[in-house]
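A.B. asks: Here it is, the structure, as structure tokens.
The values are calculated or read from the model by the stated rules, or taken from the named source; none is laboratory data. Since we're looking at a predicted model, the values are computed, not measured. All Cβ positions, glycine included, derive from the backbone under ideal geometry; neighbour counts span all protein chains shown. Heavy atoms of the whole protein, side chains included, go into the accessibility calculation; ligands, DNA and RNA do not. Shrake-Rupley method; radii C 1.70, N 1.55, O 1.52, S 1.80 Å.
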Amino acid sequence: MKEGSEHDMDTRDDDNLHHDDGLNDDERLMRHMVGMSHRRKTSCVDPDDAWESFRREVIMPERERKHRFGVLHMALATLCGAAAMLAVVLTLGLWPGRSDMAGHAVAGDYIALSHKESPRHVSLETDGREDVLDATGPISFVPEPEVVATAERSDKYRKISTPRGMGVKIILPDSSEVWLNADSYIEFPERFRKGARMVVVSGEVFFKITPDASSPFIVKSSQIDVRVLGTEFNFNNYTPDNTQVALVSGKVEILSPEGSGLATLSPGEAAVCGADGTVEVENVDTYALTQWVEGFFYFDDVPLIDVLRELGRWYNMGVVFHNREVMTKKVHFSAMRAEPVELAIESLNRLNVAEIKVVGHDIVVD
């Protein structure tokens, strides 16, 4: 048979390049390059035979290798994905019976507060040692006069912490009275020094400060400081980027952590510090804000989400909104903190704002 010209071979190769439906684009290009390589070496070799040899020796083994690698890769990817999902479940608390972190959306729901595993006692920490306190009555840290006269100077700090569902009243070394709401703490020295009385707080705390013109009382927090002489005020920073100081009587000065003045409050005013550090002063109903000290929930024209967060914190329950539309609806609601959560939820449902129920460790809003 007469061999075709080089042009005929190129044409046949190009035709095969475009019409071999069994090859992908990369393999078609490779076939063409193999044929061109063989033609440069000799004009007698059939490019189809050369391609078939290259396919058996190179492409098929490579395909088999990729297939095995692909199966292994998919298996590893599946395992990694499962591990990652488990990590998310455990980290966010999505396991049955637990809630996500506060303020997050999960599968269309809004988690306003998470259930929190915590000890069921008020604790006192001093120099790394923890003791359990009897919180059935006020706890006094006022030293006896003879102790003050004979004791050496001490730099020891004490930290009182309350769990979810428990509050406590304590009397500081200077006889100032302090009420800790649930899930809160206060740190204070064993004895206050002359010149300044300083404490550190988190959560919600009500203060009734003993006047001492020579020693201002300073409350420190992550966002702002409060400087007072003798006064009554409520401090709340459950949400770290939204601290509120509400003044009942006297006068307080709001300071930045660096000590610069931000605002001065008169009775019936509150300073609200946002996430950006700016402070706004507004008029508030201090009666409503301080009823928790008297053993009541009291909310006047307050968004439902704030009401349920307070209930959830006291009863140590998560708060889950299936129905997001009712989160910002404002309600007037009051109840005794000593009554079971079911009674409080029953009273809320009488407002016909939403269908609210207790499911395991969660208060669920439909």
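A.B. asks: Only residues that are over 23 Å from Ser118 (Cβ atoms) and open to solvent by 50 Å² or more (accessible area, probe 1.4 Å): list them for segment 350-365, please. It would help to see each step written out before you state the result.
C.D. replies: First, the residues of segment 350-365 that are over 23 Å from Ser118 (Cβ atoms): 350-357, 365.
Result: Arg350, Leu351, Asn352, Glu355, Lys357.
A.B. asks: Mind listing whichever residues of segment 111-147 are in a loop (DSSP other than H, G, I, E, B), within 30 Å of Val320 (Cα to Cα) and polar (S, T, N, Q)?
C.D. replies: Of everything in segment 111-147, those that are in a loop (DSSP other than H, G, I, E, B), within 30 Å of Val320 (Cα to Cα) and polar (S, T, N, Q) turn out to be Ser114, Ser118.
A.B. asks: Here is a follow-up. Please enumerate the residues belonging to segment 280-309 that are of a type in the set (Phe, Trp, Tyr), touching a helix residue (DSSP H, G or I) at 6+ places or on another chain (Cβ under 9 Å) and open to solvent by 40 Å² or more (accessible area, probe 1.4 Å). So that I can check it myself, show each step before the final result.
C.D. replies: Here is the first cut: in segment 280-309, the ones of a type in the set (Phe, Trp, Tyr) are 287, 292, 296-299.
In the following step, the residues that additionally are touching a helix residue (DSSP H, G or I) at 6+ places or on another chain (Cβ under 9 Å) were identified as 292, 297-299.
Matches in segment 280-309: Tyr298 only.
A.B. asks: Please work out which residue is surrounded by the fewest Cβ atoms within 10 Å (Cβ to Cβ), limiting yourself to segment 157-202 and to residues that are on the phi < 0 side of the Ramachandran plot and of a type in the set (S, T, N, Q).
C.D. replies: Ser202
A.B. asks: Another question, then. Which of the following residues is acidic (Asp, Glu) and open to solvent by 70 Å² or more (accessible area, probe 1.4 Å): Glu339, Glu346? Give the steps one after another, and end with the answer.
C.D. replies: Working: Glu339 fails: open to solvent by 70 Å² or more (accessible area, probe 1.4 Å).
On inspection, the qualifying residue turns out to be Glu346.
Table: residues versus (1) open to solvent by 30 Å² or more (accessible area, probe 1.4 Å); (2) closer than 25 Å to Glu294 by Cα; (3) without any contact (Cβ under 8 Å) to a residue 40 or more places away in the chain.
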residue: Glu204; (1), (2), (3): no, yes, no
residue: Ala213; (1), (2), (3): yes, no, yes
residue: Ser222; (1), (2), (3): yes, no, yes
residue: Asp225; (1), (2), (3): no, no, yes
residue: Thr231; (1), (2), (3): no, yes, yes
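A.B. asks: Within segment 163-182, how many residues are closer than 17 Å to Glu294 by Cα and either modelled with pLDDT of 95 or more or touching a His at 6+ places or on another chain (Cβ under 8 Å) (or both)? Give the derivation first.
C.D. replies: Start the filter on segment 163-182 by keeping residues that are closer than 17 Å to Glu294 by Cα, which leaves 165-171, 177-182.
So of that shortlist, the ones also either modelled with pLDDT of 95 or more or touching a His at 6+ places or on another chain (Cβ under 8 Å) (or both) come out as 166-171, 177-182.
Within segment 163-182, residues that are closer than 17 Å to Glu294 by Cα and either modelled with pLDDT of 95 or more or touching a His at 6+ places or on another chain (Cβ under 8 Å) (or both) number 12.
A.B. asks: Please work out if Asn316 is touching a Lys or Arg at 6+ places or on another chain (Cβ under 6 Å), of a type outside the set (Val, Ile, Thr) and in contact (Cβ under 8 Å) with a residue 40 or more places away in the chain. Don't jump to the end; show me each part of the working.
C.D. replies: Working: touching a Lys or Arg at 6+ places or on another chain (Cβ under 6 Å): yes; of a type outside the set (Val, Ile, Thr): yes; in contact (Cβ under 8 Å) with a residue 40 or more places away in the chain: yes.
Yes.
A.B. asks: Of the residues Val219, Val228, Val252, Val279, only one is touching a strand residue (DSSP E or B) at 6+ places or on another chain (Cβ under 8 Å) and within 25 Å of Arg164 (Cα to Cα); which? Lay out the reasoning, then the answer.
C.D. replies: On the way: Val228 fails: within 25 Å of Arg164 (Cα to Cα); Val252 fails: within 25 Å of Arg164 (Cα to Cα); Val279 fails: within 25 Å of Arg164 (Cα to Cα).
The conditions single out Val219.
A.B. asks: Then there is this: Out of the residues in segment 253-308 that are charged (D, E, K, R) and within 22 Å of the chain's Cα centre (by Cα), state the one that is modelled with the highest pLDDT. Break it down into steps so the answer makes sense when it comes.
C.D. replies: Within segment 253-308, the subset charged (D, E, K, R) is 253, 258, 269, 276, 280, 282, 285, 294, 300-301, 306.
Imposing the further condition that a residue be within 22 Å of the chain's Cα centre (by Cα) reduces the set to 276, 306.
Details: Asp276: 86, Asp306: 95.
Out of the qualifying residues, it is Asp306.
A.B. asks: With respect to Val199, determine if the residue is modelled with pLDDT of 95 or more and farther than 14 Å from Trp179 by Cα. Before you say what the answer is, go through the steps one by one.
C.D. replies: Values: modelled with pLDDT of 95 or more: yes; farther than 14 Å from Trp179 by Cα: no.
No.
A.B. asks: As an exercise: evaluate Val293 against (1) outside any helix (DSSP H, G or I); (2) over 21 Å from Glu117 (Cα atoms); (3) in contact with a Gly (Cβ under 9 Å, 6 or more places away or on another chain) and give the number of the one condition it does not meet.
C.D. replies: Of the numbered conditions (1) outside any helix (DSSP H, G or I); (2) over 21 Å from Glu117 (Cα atoms); (3) in contact with a Gly (Cβ under 9 Å, 6 or more places away or on another chain), the odd one out for Val293 is (1).
A.B. asks: Looking at segment 312-325, which of its residues are open to solvent by less than 20 Å² (accessible area, probe 1.4 Å) and in contact with a helix residue (DSSP H, G or I) (Cβ under 6 Å, 6 or more places away or on another chain)?
C.D. replies: Val319
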